[in-house]
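Take a look at the structure set out below.
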Amino acid sequence: MNVVLFGPPGAGKGTQAALLRERLGMAHFSTGEEFRRHIASGSELGNRIRAIVESGDLVPDEIVLEVVERALDDPAFASGVVFDGFPRTLEQARALDRMLAERGQKIESVLTIEVPEEELVRRMLQRGRSDDTEQVIRERLRVYEERTAPVLDYYARQGKLQRIAGDMAVEDVHRAIVEAIKSVTVDANMSNNR
Ligand code: AMP
C-alpha cells in the first residue's frame, strides 16, 4: 500500500510517518531526510542541496525524482511506502503516478495534516533544525502555499484525499491516520470481493 503524508512544513509528517513505521511496520521514505544525508556527506551535490534547503526553497524536481526513483527500486519499498514530504509539486505528483504505474502500483491514499499557521511556526522554531530560522520558516510556508498546496487538488480530483486535524496530541493524530488508512483498505477489499 502506498500512502502520501501531506501537509505544510511543521505539520508533523515525519513524526507520524515514524509512528506508522514503528507500529504498523510500514516502510517510510522522506525526501527531506534523504537530502539531509546528502548534505552531511559534504559531496558536491550535497552542498548544492544545502544552499537550496537553507534558503527555504524546493530542491529541483529533477533531483527529487532521481532520489525517489532509486528508492522505488529498493526492495525495502517494494510492497509499499509512506511518502513523507513528497510530492511537493504537481510535476512530482504526476511523475510519482507514472513511476508507480510502471511498477504495477499506485497511490492508495493521501492524508493531509492540517495545522494553523502560527502553530506551525511555533513547532518549527522549537524543533531547531538548521533550516528552521523564522525567516526561512516563513519562506517555506510561502513556497508551500504557492507550489505544494495545488497538489491537494490533484489528489482530491482522484478521490484519494482525506483531511486529518493535526492540532491535537501526537497519539490522537496517529489514531486518526490509522483510521483513515484502514478505511481505504476496507474499501479496496470490498471492491475486490464484488
Ligand atoms: P522536510 O524534511 O520534508 O521538511 O524537507 C526539508 C527540505 O528539503 C525542504 O524544505 C526542501 O528544501 C527539501 N525537500 C524535501 N522534500 C522535497 C521535495 N519533495 N521537493 C523539493 N524539495 C524537497
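The values are calculated or read from the model by the stated rules, or taken from the named source; none is laboratory data. Small disclaimer: the values here were computed from a predicted structure and weren't measured. Cβ coordinates were reconstructed from backbone atoms using ideal geometry, including for glycine residues, and neighbour counts include every protein chain displayed.
Consider the range 75-102. How many of its residues are modelled with pLDDT of 95 or more, outside any helix (DSSP H, G or I) and either more than 14 Å from the chain's Cα centre (by Cα) or aliphatic (A, V, I, L, M) (or both)?
2
Taking Asp153 as the residue in question, decide whether it is away from the ligand (no atom under 16 Å from the Cβ) and either without any contact (Cβ under 8 Å) to a residue 40 or more places away in the chain or surrounded by fewer than 18 Cβ atoms within 10 Å (Cβ to Cβ) (or both).
yes
Step by step: first the residues of the range 42-65, then only those that are assigned to a helix (DSSP H, G or I) and exposed (fewer than 12 other Cβ atoms within 10 Å of the Cβ), then the one that is farthest from the ligand (Cβ to nearest atom). Which residue is that?
Glu44
So which pairs qualify, if the first residue must be in the range 72-85 and under 19 Å from Ile181 (Cβ atoms), the second must be assigned to a loop (DSSP other than H, G, I, E, B) and polar (S, T, N, Q), the Cβ gap must be under 6 Å, and the two must be at least 6 apart or on different chains?
Sorted first by the residue in the range 72-85, then by its partner, the pairs are Gly80/Asn2; Val81/Asn2.
What number of residues within the range 150-167 satisfy the criterion of being within 15 Å of Ala93 (Cβ to Cβ) and not acidic (Asp, Glu)?
Number of matching residues: 11.
Are there any pairs with C-beta distances below 6 angstrom linking a residue in the range 175-192 that is closer than 26 Å to Thr15 by Cβ to a residue that is of a type in the set (Val, Ile, Thr), with the two at least 6 apart or on different chains, and if so which?
Within 6 Å, the pairs are Ala176/Ile164; Ile177/Ile164.
Counting only residues that are in a helix (DSSP H, G or I) and free of Cβ contacts under 8 Å to residues at least 24 places away in the same chain, which one in the range 12-32 is nearest to the ligand (Cβ to nearest atom)?
This residue is Ala18.
Report yes if some residue within the range 142-160 is hydrophobic (A, V, I, L, M, F, W, C), over 23 Å from Glu118 (Cβ atoms) and not in a helix (DSSP H, G or I); otherwise report no.
Looking for residues that are hydrophobic (A, V, I, L, M, F, W, C), over 23 Å from Glu118 (Cβ atoms) and not in a helix (DSSP H, G or I), one finds none in the range 142-160, hence no.
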